[in-house]
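The values are calculated or read from the model by the stated rules, or taken from the named source; none is laboratory data. Because the structure is a prediction, the values reported are computed rather than measured. Cβ placement follows ideal geometry from the backbone for every residue including glycine, while neighbour counts extend to all protein chains displayed.
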Amino acid sequence: MTAWNADTEAGASELGAVTVVEGSSFCISAHSGDIHGGGSQGSYYQDTRIVSRWILRINGALREPLVTTNRTAFQAEYVGRACSSDGRFDSPLVVQHQRHVGAGLRDDLTIRNYSGQPAPCEIELLIDADLADLFDVKGGRASRAGATEKTARKKELHIESVHTNGERRGVAFRASGAKATRQGLTFHVTIPPRSQWSTSVIAIPLINGKGPDEPFTETTALHHTIGVRRHMAWAEHVPRIAVTDRNVEDVLERSQSDLGSLRIFDHEHPGRAAVAAGAPWFMALFGRDSILASYMSLMVDPGLAAGSLQTLAGLQGSKVDVDSEEEPGRMPHEVRLGVTAGLSLGGTAYYGTVDATPLFVTLLGELSRWGLGADIIDSLLPHADRAISWMEKYGDRDGDGFIEYQRPNSHGLINQGWKDSWDGINFADGRIAETPIALCEVQAYAYGAYVGRSLLARAAGDTAVERRCADRAEALKEEFNKAFWLPDKGYFALALDKDKKPVDSCTSNMGHCLWTGIVDEDKAALVAEQLMSPEMFTGWGIRTLGSDMGAYNPVSYHNGSVWPHDTALVATGLMRYGFVKEASRVASGLFDAAEHFGGQLPELFCGFDRSDFPEPVPYPTACSPQAWAAAAPIQLARILLRFDPDFTRKVLHLAPILPDSFGEFRAENVLLGRSRITIQASAGNGTVTGLPAGLQRRSDPRPPLAGDLFG
């Protein structure tokens, strides 16, 4: 999930930092709640850092942190002890600080005086805003942000900068009872005995002098703000889950909450939500990430997948642009709102991804089986056909039937699959592969796209498109199993390089090939054996690169770490080919890992073996919350339930194989078509109530989709 120009590993927030996120807005602070301005700390709105310094001093001293809670993604509470004016060590002053993000920042401060004497307090809030673009912060170039102009207006501090394109970005800080200076806000109060003093500090982002439509105010009840209303509606909308194993229940509930917090909304279509990739660097629409995250969260809300596809369809490429790598029919890699990003990308969207386009079609096919409305399906079919045209005209650069990538400029991503770090594609001996490169999983996604489009055509009675796409899928599968299979190693090559030579490293990517079904049955057992080998399976998850490979490094971004979404897709592939015990082991390992991360799986963690350390080792700069990591446990629950609706065949498959340790599993309020169903399961038994009319429950696993095409 590397950003467009990041040829080095992506960074994120510092270890121990507190992240609060709502939609595309987020704030990263120290454990105390203060923002010291170093690294990634700050509050961000539309890819601009609107707060780069926020330090609270009471009677000339910092607070002594006591506890921090982060019960919801969009809110945090920090509790600390303040120094009294007489310097007493055992101070009676306790500071409660609630932080909310959304259309800006709101900090509610309360100082409680637990003594029997009045407590005079000199309160100073040091504030600054460098108004740096997110890309500049991430790249360590925040000092290059334009000069800011500060204006103190009695109770309000304005900070503004003008960028090279003439756009003005700014922020206004205000608080009741404050005196504004160029350094921040000050308060002079005396808190009565056994009493308290409160205020709300508001940061309102400004673009060309205009604030958001619904900014924070000092008087608005927080449960009336648009962000909180959305979260309350989300909590009512998603399934209600109960599992005997409390860890599994907690992980699934946290996943649902994080997915809700990572939604971003289209102002022109308020009821439409897509999922952002993750905090802090990826609070934006990412083609690949948004598609895979919404696919894996179908049991939570299929509407999230529909919204992601609709949003991406509106951004589908229409012309050839070397700077942004836009091409007709191509889906974007990422969409940004910041000034620097826009200048660097040649626009707000960057298209340098090889897999988002086939995945778009694959997900649309899956949504049709989940009962998505025909009106939405029909509106997206032309975009699916344009996507397939891109696959065949621009994706297949040399006409060999495989999709390759090679950047056409000097600033785009070198590698354009999901392992998009500069060194992510390498041979078994550690040598870096050269572009153009055809990745194994991208061919698998293309296969899934052809299968999905063929079944969509069948449902519409379009026999010509059905047959054409079925033939393309069958031919691609045959050629893939010839060109990518390494018989002497017993696994599939990661890729074909510029000379069509197989890149022979053993990687998790081939697990994605199991997921879409492109792997021949006679090769599947050997692939499963490799994926479950000690070199690949750590006990917590599947390594991105085998530990016996030349480039292996357990603390690298893509060369030996464990990515939860990747592991979940591998487990899905294993289950698809009937490797039930192996898929269950992988799922159980990842749920165990989630428990050590407080129920919230990070973007990735280190690839050390479970026997090496009693807990999974965090990757220092992993994003969290992160969409496809949040969706991974949902997908694991789905494959353990073997829950597969298929409205096109009017059946629902439910064939649970839950581990005994899970105990009873119950999910109410699960959206299926236009109905709300309840799923109940334990071990190998399951029931469904509330099935939509005309849908029949079956107790066997869903058959391979391609069987419908090829017999």
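Okay, here's what the table says:
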{"read-out": "Qualifying positions in the stretch 74-90 - assigned to a loop (DSSP other than H, G, I, E, B), surrounded by fewer than 22 Cβ atoms within 10 Å (Cβ to Cβ) and under 43 Å from the mean Cα position of the chain (by Cα)", "value": "CYS83"}
{"read-out": "Some residue of the stretch 105-126 being part of a strand (DSSP E or B), closer than 28 Å to GLU214 by Cβ and in contact with a helix residue (DSSP H, G or I) (Cβ under 6 Å, 6 or more places away or on another chain)", "value": "no"}
{"read-out": "Odd one out for SER508 among (1) touching a Lys or Arg at 6+ places or on another chain (Cβ under 7 Å); (2) closer than 21 Å to PRO704 by Cα; (3) among the polar types (S, T, N, Q)", "value": "(2)"}
{"read-out": "Filter result (polar (S, T, N, Q) and either outside the structural domain of LEU312 (by TED's automatic domain parsing) or within 17 Å of GLU466 (Cβ to Cβ) (or both)) within the stretch 365-388", "value": "SER368"}
{"read-out": "Contacts under 6 angstrom Cβ, first residue in the stretch 257-282 being free of Cβ contacts under 8 Å to residues at least 40 places away in the same chain and in the same structural domain as ALA306 (by TED's automatic domain parsing), partner crowded, with 24+ Cβ neighbours inside 10 Å and among the polar types (S, T, N, Q), 6 or more apart", "value": "ALA274/SER290; ALA274/SER308"}
{"read-out": "Among (1) touching a Ser or Thr at 6+ places or on another chain (Cβ under 6 Å); (2) without any contact (Cβ under 8 Å) to a residue 12 or more places away in the chain; (3) of a type outside the set (A, V, I, L, M) - the single one ARG88 does not satisfy", "value": "(1)"}
{"read-out": "Within the stretch 427-473, tally of residues that are in contact (Cβ under 8 Å) with a residue 12 or more places away in the chain, surrounded by fewer than 17 Cβ atoms within 10 Å (Cβ to Cβ) and of a type in the set (Asp, Glu)", "value": "2"}
{"read-out": "Single residue of the stretch 337-356 satisfying the filter (crowded, with 24+ Cβ neighbours inside 10 Å and part of a loop (DSSP other than H, G, I, E, B)) that is modelled with the lowest pLDDT", "value": "GLY338"}
{"read-out": "Set VAL79, VAL95: member being out of contact with any Asp or Glu (no Cβ under 6 Å at 6 or more places or on another chain), assigned by TED's automatic domain parsing to the domain that holds TYR45, farther than 24 Å from ASP47 by Cα and without any contact (Cβ under 8 Å) to a residue 24 or more places away in the chain", "value": "VAL79"}
{"read-out": "Hits in the stretch 211-227 - residues which are under 22 Å from ARG53 (Cα atoms) and either surrounded by fewer than 20 Cβ atoms within 10 Å (Cβ to Cβ) or charged (D, E, K, R) (or both)", "value": "GLY211, PRO212, PRO215, THR217, GLU218"}
{"read-out": "Listing of strands (runs of 3 or more DSSP E) fully contained in the stretch 181-297 that carry 1 or more residues being touching a strand residue (DSSP E or B) at 6+ places or on another chain (Cβ under 9 Å) and farther than 22 Å from ILE679 by Cα", "value": "184-191, 195-207, 263-266, 269-278, 282-285"}
{"read-out": "Residues satisfying the stated conditions in the stretch 225-253, i.e. of a type in the set (D, E, K, R) and either modelled with pLDDT under 95 or over 16 Å from LEU658 (Cβ atoms) (or both)", "value": "ARG229, ARG230, GLU236, ARG240, ASP250, GLU253"}
{"read-out": "Which listed residue is modelled with pLDDT of 95 or more, over 26 Å from GLY412 (Cβ atoms) and touching an Asp or Glu at 6+ places or on another chain (Cβ under 6 Å), from ALA428, ALA493, ALA475", "value": "ALA428"}
{"read-out": "Neighbours by Cβ (under 6 Å, 6+ apart or cross-chain): first from the stretch 310-325, over 22 Å from ILE264 (Cβ atoms); second acidic (Asp, Glu)", "value": "VAL320/GLU327"}
{"read-out": "Out of ASP548, ASP522, ASP488, sole residue that is at pLDDT 95 or above, among the charged types (D, E, K, R), assigned to a helix (DSSP H, G or I) and over 30 Å from HIS383 (Cβ atoms)", "value": "ASP522"}
{"read-out": "Lone unmet requirement of (1) closer than 25 Å to ILE634 by Cα; (2) in contact with a strand residue (DSSP E or B) (Cβ under 7 Å, 6 or more places away or on another chain) for TYR552", "value": "(1)"}
{"read-out": "Extreme residue, farthest from VAL67 (Cα to Cα), among residues of the stretch 1-55 that are aromatic (Phe, Trp, Tyr) and at pLDDT 80 or above", "value": "TYR45"}
